[in-house]
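Shown next, in structure tokens, is the structure this report addresses.
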Amino acid sequence: MVLDEWARKNNLRGELDSQQSRLFDTLSDFLVAKSWRSHVEEEAGEDYMRAVEWCFEGNRYSIPDSWRLDMFHEVVLPLQRCCDHMCGPIQNS
């Protein structure tokens, strides 16, 4: 949001071609998400925050053949713990 406002103020948007504009939008979204991430732990807890962090940054360090297993351990299991904490364990029928 702030980055987009700065670009409008400085008339940058009109000077970007479509590829640069998409890159700018991606960067803007990433910066907003990083800012939002700093508030996540406070509201949703450490497990949730770490899952979000891994999605944004941690997955870059995964070995190509093991990213699915890494995602399971770094995202799925922590999010399951969050759900269990908020709603109780899910019962399989």
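Results for (1) farther than 26 Å from Leu27 by Cβ; (2) surrounded by 13 or more Cβ atoms within 10 Å (Cβ to Cβ); (3) basic (Lys, Arg), shown as yes or no for each residue.
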position	(1), (2), (3)
Glu41	no, yes, no
Arg50	no, yes, yes
Tyr61	no, no, no
Asp70	no, yes, no
Val75	no, yes, no
Asp84	yes, no, no
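Exactly one residue among Val76, Val32 is under 15 Å from the mean Cα position of the chain (by Cα) and at pLDDT 85 or above, and that residue is Val76.
The values are calculated or read from the model by the stated rules, or taken from the named source; none is laboratory data. Not measured: the values here are computed from a predicted model. Please note: Cβ atoms are built from the backbone with ideal geometry, for glycine as well, and neighbour counts cover all protein chains shown.
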